[in-house]
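Only one structure is covered here, and it is reproduced in the block below.
No lab work stands behind these numbers, since they all come straight from the coordinates. Computed from a predicted model, the values in this text were never measured in an experiment. For neighbour counting, all protein chains shown are included, and Cβ atoms are generated from backbone atoms with ideal geometry for every residue, glycine included.
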Amino acid sequence: MKSYVHFSFILVIIFLTISNRLYSQWTNTNGPIGGVISALATSGTNIFAGTEAGVFLSTNNGTSWSSINNGTTFQNVNAIATNGSDVYVGTFNGIFLSSDNGST
């Protein structure tokens with residue numbers, strides 16, 4: 001009985017150690033601030049997020065985000081896809097293309 005208690009105690013310690021490591025891998029980022037995120041895509045080190053307020057870009061692993069909606073008329077982005085420097089954005093009003101990583 002004594003060895004069963006020791007074995008159970010060791011299993012609990014191992015489980016707590018492993019579960020703490022699993023949770024510690026996630027880190028909260030600073031945004032983007034633009035409503036619900038409905039789409040994500042990456043191109044190299046760029047992360048694009050589609051929201052109710054348009055498209056946001058992070059170039060530093062999500063630490064900061066910039067709105068890249070200059071000259072656009074769309075909001076409510078439902079899908080984003082990338083192919084090299086081409087960024088495709090799907091909305092209720094159609095599909096939009098930027099051929100320079102979202103700059104224009």
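Brief remarks follow.
- A crude spin-label estimate for the pair S38 and N70, with each label 7 Å from Cα along the Cβ direction, gives 2.5 nm.
- One chain, two ends: T59 and N78. Fully extended at 0.36 nm per residue, the span grows by 4.7 nm beyond their Cα-Cα distance.
- Compactness of region 37-98 as Cα Rg over 2.2 N^0.38 Å, two decimals: 1.00
- Region 37-98: relative contact order as a whole-number percent, Cα under 8 Å and 6+ apart: 27 percent
- Taking amide H as placed 1.01 Å from N in the peptide plane, the amide H of G102 sits under 5 Å from that of V87, each at least 5 places away or on another chain.
- Phi angles of region 92-104 translate, via the Karplus equation with coefficients 6.51, -1.76, 1.60 and θ = phi - 60°, into HN-Hα couplings of 5, 9, x, 10, 10, 10, 10, 9, 9, 6, x, 5, 9 Hz per residue; Gly and Pro are given as x.
- Close amide H contacts of T51 (hydrogens built in the peptide plane, cut-off under 5 Å, sequence separation of 5 or more or a different chain): S38, F56, V77.
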